Amino acid sequence: MTLSALQQPLFPDIDPDPVPASTTTFVDNMKLPVHRWFRFSAGFSAQWAEDTIAGLGAKTVLDPFAGSGTMLLAAERRGASSYGIEAHSFVARIAAAKLQHRADPDAFLETASAIRGEARALPASVDGYPPLIRKCFNDSALRSLDSLRQAWMRHADDSPASQLTWLALVGILRQVSHVGTAPWQYVLPQKRKRSPVEAFAAFDRMVRAVAADMRTSRDVSGPRPTLIRGDARTCEGVPDVAVDAVITSPPYPNNYDYADATRLEMCFMGEIAGWGDLHETVRKYLITSCSQHWSERTLDIETALARPELNPVRAEVTQVCNELGRVRMDKGGRKNYHLMIASYFADIGQVWHALRRVCRSGSQVCFVIGDSAPYGVYVPVVEWTSALAEAAGFHALRFEKTRDRNTKWKNRKHRVPLCEGRLWVSG
Ligand SMILES: C[S@@+](CC[C@H](N)C(=O)[O-])C[C@H]1O[C@@H](n2cnc3c(N)ncnc32)[C@H](O)[C@@H]1O
């Protein structure tokens, strides 16, 4: 497959670009029942997922990078069985809560109303919250949120109502904050928001939206999805030859830090004290897609490049990693992009082998992927991902470009054109 025509948009250290309104992204999901409960900007379009499942006539679908559960919800609506795997504990919990949308809305409302009532009566405190939380919320907002959190903890169990009220609480944090809490990734405490929403009002609104959506879910009758908190590199938990379609979007090797993306919420809920805890709680479980991803395996480039999964693309990967190793010496940050790229493709190679185990013969696979150019060094993600798929026993069919990237930022670090699209594979 030659991709020179597709080698377009940029590699950002941070992608500050609001996700454009397009049918390929999560933006439109914010108008859809259930999907709108948590803005997970890395997600793909639910409508596209539904159409794709229907178009393929898939009976059992897998999303090995399930994220907030978009594909699982789409499969459920289309009457297909589905498996999803998600390695990020917090993100998996969001998906799990959304998958409770067919539970009893009245039981949910009863719990939410009890939590609200108890929160009003509890002595709230701003003490003990990590610095990030103190920067993001003024004392009055934090007291309200703290009382809601304390009240929720009294109802914390595995019930759908408890999971859904947890989601209602974590889902309002960014609206309540008075600082820049961009939905895409990072929190910007220096930036002010014009109109933060009062915590109880935000909670009420969210609870009403969740209950209303739950009522519309009565029409959904597909098999209940199976969500596995696990690792796409093994697909453990998914039986052999169980699926006939894979629809997924893995992390791109573009330095987007999925662990950091939920730091605000995890700090608020007391799951971590700050950035320093992200590696142990989240990052070490994820495939390597950012330079902060520090693991035993990525300590030196020789070890990273020696991984057997890289066999099909080792020469090309080595060339690019060597260049990245050289370029970083002239950069202040000296980021480990060379390690990130080597580890990323070895991880993706593992994913393809795991997919080979769980896919029936003749399965259809769609990877939504994007290429990248760390420090301006182009990484042909689509070509290498295709080669790794072929080495695992699939046939790369085609790549459909859906959008260009790196076309509009003013202070871009480089001008390598990049793109995003869908890699179709079968086998
Ligand atoms: C692009 S997002 C998927 C978004 C999803 N399509 C949605 O609509 O919500 C990629 C996801 O892969 C997850 N991930 C990273 N490494 C993983 C691994 N080894 N196994 C499973 N999931 C992983 C990330 O935490 C992230 O949620």
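How many residues are within 16 Å of the chain's Cα centre (by Cα) and open to solvent by less than 20 Å² (accessible area, probe 1.4 Å) if we restrict to segment 257-287?
Counting residues in segment 257-287 that are within 16 Å of the chain's Cα centre (by Cα) and open to solvent by less than 20 Å² (accessible area, probe 1.4 Å) gives 12.
Hey, among the residues in segment 349-400 that are over 20 Å from GLU309 (Cα atoms) and among the hydrophobic types (A, V, I, L, M, F, W, C), which one's nearest to the ligand (Cβ to nearest atom)?
Among residues in segment 349-400 that are over 20 Å from GLU309 (Cα atoms) and among the hydrophobic types (A, V, I, L, M, F, W, C), the one nearest to the ligand (Cβ to nearest atom) is VAL368.
Determine which member of the set SER41, SER68 is within 12 Å of the ligand (Cβ to nearest atom), touching a Lys or Arg at 6+ places or on another chain (Cβ under 9 Å) and not in a helix (DSSP H, G or I).
SER68 is the lone residue from the list that is within 12 Å of the ligand (Cβ to nearest atom), touching a Lys or Arg at 6+ places or on another chain (Cβ under 9 Å) and not in a helix (DSSP H, G or I).
Rundown of residues vs (1) free of Cβ contacts under 8 Å to residues at least 60 places away in the same chain; (2) over 28 Å from GLY362 (Cβ atoms); (3) touching a strand residue (DSSP E or B) at 6+ places or on another chain (Cβ under 8 Å); (4) part of a helix (DSSP H, G or I), yes/no style:
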residue: ASP204; (1), (2), (3), (4): no, yes, no, yes
residue: MET214; (1), (2), (3), (4): no, yes, no, yes
residue: PRO223; (1), (2), (3), (4): no, no, yes, no
residue: PRO239; (1), (2), (3), (4): no, no, no, no
residue: ASP244; (1), (2), (3), (4): no, no, yes, no
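Across segment 82-112, which residue is farthest from HIS279 (Cα to Cα) among those that are in a helix (DSSP H, G or I) and within 12 Å of the ligand (Cβ to nearest atom)?
LYS98
Taking VAL368, is it modelled with pLDDT of 95 or more, within 30 Å of ASP240 (Cβ to Cβ), open to solvent by 10 Å² or more (accessible area, probe 1.4 Å) and under 19 Å from the mean Cα position of the chain (by Cα)?
yes
Out of ALA103, ALA124, ALA96, report the one residue that is farther than 20 Å from MET214 by Cα and open to solvent by 20 Å² or more (accessible area, probe 1.4 Å).
Only one candidate qualifies: ALA124.
Looking at this structure, is SER386 of a type outside the set (Phe, Trp, Tyr), over 21 Å from the mean Cα position of the chain (by Cα) and open to solvent by less than 50 Å² (accessible area, probe 1.4 Å)?
Yes: the conditions hold for SER386.
The values are calculated or read from the model by the stated rules, or taken from the named source; none is laboratory data. These figures come from a predicted structure and were not determined experimentally. Neighbour counts are summed over all protein chains in view; Cβ atoms, including those assigned to glycine, are modelled from backbone coordinates with ideal geometry. Quick note on the areas: whole protein, heavy atoms, side chains included, nothing else; ligands and nucleic acids left out. Shrake-Rupley method; radii C 1.70, N 1.55, O 1.52, S 1.80 Å.
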